[in-house]
1. Quick one: Ser36 ticks every box in (1) part of a helix (DSSP H, G or I); (2) at pLDDT 95 or above; (3) over 21 Å from the mean Cα position of the chain (by Cα) bar one, so which box is it?
2. Quick check: is even one residue across the stretch 3-16 of a type in the set (Ser, Thr, Tyr) and modelled with pLDDT of 95 or more?
3. Scan the stretch 138-161 and report the pairs whose first residue is in a helix (DSSP H, G or I) and whose second residue is among the small types (Gly, Ala, Ser) and modelled with pLDDT of 95 or more, with Cβ atoms within less than 7 Å and a gap of 6+ or a chain change.
4. Go through the stretch 84-101 and give me each residue that's assigned to a loop (DSSP other than H, G, I, E, B) and in contact (Cβ under 8 Å) with a residue 24 or more places away in the chain.
5. Is one or more of the residues making up the stretch 49-68 in a helix (DSSP H, G or I), buried (at least 16 other Cβ atoms within 10 Å of the Cβ) and in contact (Cβ under 8 Å) with a residue 12 or more places away in the chain?
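The values are calculated or read from the model by the stated rules, or taken from the named source; none is laboratory data. Nothing here was measured: the structure is a model prediction, and the numbers come from that model. Neighbour counts are summed over all protein chains in view; Cβ atoms, including those assigned to glycine, are modelled from backbone coordinates with ideal geometry. Side chains are part of the model used for accessible areas, which takes the heavy atoms of the whole protein and leaves out ligands, DNA and RNA. Shrake-Rupley method; radii C 1.70, N 1.55, O 1.52, S 1.80 Å.
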Amino acid sequence: MKTILRGMASFLAVGVLSVSLAAQTASVRYDSDIQSRVSQQLTKKQEFRNLQASTEDGIVTLSGRVDLYQQKLDAAKKVRKLDKVQGVRNLIAVRSSAPDAEVQAKLERKLHYDRMGYDNQFNFVDVSVKDGAATLTGATRNDMGRDSAVWIANNMPGVNDVVDNIEVLPVSGFDDRIRISAVRAIYRDPVLGRYAKRSGEADPHCGG
């Protein structure tokens, strides 16, 4: 009986070892294929040509430098879509171009002008920058307003990370009527109206 059990144990051990070796062989084969396709993808765009990639067990590690935080996100997204890729470790660094205070001032200005766009006048987005990381706070009327603010931050030179703490306000026709009425009351006033023209924030619904 003991002899039979030893034989079965040896058989199982050999079977497990064979499966393990086969899995390792397949992994190496896939890693080589993944690595080749990742390299091809990265050389297709000028902004990715200074990036490096390594692949192990289907996990791709990206390193190197890019000019914008959005480029870091785009590189990982592009690689993640490739067949057989199990995950992406994004170690790409974003080049720093200016002190935090300067980056924050430029970003505040961009967000200010974005708020002047059609249907954006009710949004309020604030930003702070520390060690290159931009934190967005405030509220927007819809997802489009929030996405626009995040996109601006992602594409601002000097920003190496973006924290999105913007709240999207619930849909409410009643709230919209209050907002429009308030804007009309303020900016149709003969004294306050000149500030609307100066800031470029006159409500498009105020006409008529």
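1. (2)
2. Our first condition is that a residue be of a type in the set (Ser, Thr, Tyr); within the stretch 3-16, this holds for 3, 10.
Still in the running and modelled with pLDDT of 95 or more: none.
No, the stretch 3-16 contains no residue that is of a type in the set (Ser, Thr, Tyr) and modelled with pLDDT of 95 or more.
3. Going by the 7 Å Cβ cut-off, the qualifying pairs are Ala153/Ala134.
4. Going residue by residue through the stretch 84-101, those that are assigned to a loop (DSSP other than H, G, I, E, B) are 84-86, 91-92, 95-99.
Matches in the stretch 84-101: Lys84, Val85, Gln86, Leu91, Ile92, Arg95, Ser96, Ser97, Ala98.
5. Within the stretch 49-68, the subset in a helix (DSSP H, G or I) is none.
No, every residue in the stretch 49-68 fails to be in a helix (DSSP H, G or I), buried (at least 16 other Cβ atoms within 10 Å of the Cβ) and in contact (Cβ under 8 Å) with a residue 12 or more places away in the chain.
This table checks each residue for (1) in contact with a helix residue (DSSP H, G or I) (Cβ under 8 Å, 6 or more places away or on another chain); (2) open to solvent by 70 Å² or more (accessible area, probe 1.4 Å); (3) among the acidic types (Asp, Glu).
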position: Arg80; (1), (2), (3): no, yes, no
position: Gln86; (1), (2), (3): no, yes, no
position: Ala101; (1), (2), (3): no, yes, no
position: Phe124; (1), (2), (3): yes, yes, no
position: Thr135; (1), (2), (3): no, no, no
position: Ala139; (1), (2), (3): no, no, no
position: Asp147; (1), (2), (3): no, yes, yes
